[in-house]
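Bear in mind these aren't lab numbers, they're just calculated from the coordinates by the rules spelled out. Just so we're clear, the structure is a prediction, and the values are computed from it rather than from any experiment. Counting neighbours? That spans all protein chains shown, and the Cβs are built from the backbone with ideal geometry, glycine included.
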Amino acid sequence: MEKIPMTAPGYIRLQEELKQLKSVERPAVIKAIAEAREHGDLSENAEYHAARERQSFIEGRVLELEDRISRAEVIDVSKLSGNAVKFGATVTVADEDTDEESIFQIVGQDESNIKAGLLSITSPLARALIGKSVGDNVEVTTPGGSKSYEVMKIVYR
């Protein structure tokens, strides 16, 4: 079974979502199904079908979260250090064409949010940055074409 790397905050968010689904969403949809059944003919009952569809989504998401949590490899970024980029690093990169600087933390797939500066370990940029040091250049192929970046700063926090 392949481990899934993630930071502690990402792991906590998955646990909270699972708890929400099991303790709030699941009981609510069961109640909605029961109420819809009371309305009679189930074959033409839109409320019943919508509730069953929601229940199916919730159960699928619960299984997915339980799987991810069981395979999680929580990495304490505060205990990491070094001069090379690795999982959990907060990296400042400069676009070599525009000199525009961007700051990204390399995180697990489930935690990524590019607007918040959280870059998935599976993204092309993160994969190109892994193992690089300050001053190194990376070439990344994006949907908009090839981009070059220079690693300006690496921090573990």
I'd like to compare 119-127, 84-92: which one has the highest average count of other Cβ atoms within 10 Å, and what's the full order after that? 84-92, 119-127
Please turn the phi angles of the range 99-106 into ³J(HN,Hα) values with the Karplus equation 6.51 cos²θ - 1.76 cosθ + 1.60 (θ = phi - 60°), one per residue in order, whole Hz, x for glycine and proline. 6, 6, 9, 9, 10, 10, 9, 7
May I have the pair-distance distribution P(r) for the range 77-155, computed from all Cα-Cα distances with 5 Å bins from 0 and rounded to whole percent? 3, 17, 28, 29, 17, 4, 1, 0
From phi via Karplus (6.51, -1.76, 1.60), per-residue ³J(HN,Hα) for the range 126-135 in Hz, x at Gly/Pro: 4, 5, 6, 7, 4, x, 7, 10, 4, x
Just report the Cα centroid separation between the range 104-157 and the range 26-44, whole Å. 47 Å
Compute the projected area of the convex hull of the Cα atoms of the range 1-148, averaged over all viewing directions, and report it in nm² to one decimal place. 12.4 nm²
Among K79/K153; K3/K115; K19/K153; K3/K86, which pairs are too far apart, with a Cα-Cα distance over 28 Å? K19/K153
Rounding to the nearest 10 and keeping the result within 0 to 90°, find how far the Cα-based axis of helix 26-37 lies from the longest principal axis of the chain. 30 degrees
Assuming a viscosity of 1.567 mPa s and a temperature of 4 °C, what translational diffusion coefficient in µm² per second does Stokes-Einstein assign to the range 1-70, Rh being the Kirkwood radius over Cα pairs? 95 µm²/s
Phi to ³J(HN,Hα) by Karplus 6.51 cos²θ - 1.76 cosθ + 1.60 over the range 148-157, Hz, x for Gly, Pro: 10, 10, 10, 6, 9, 7, 10, 9, 10, 9
What lysines sit close enough to K22 to cross-link, taking a C-alpha to C-alpha distance under 19 Å and skipping anything fewer than 8 places away on the same chain? K31
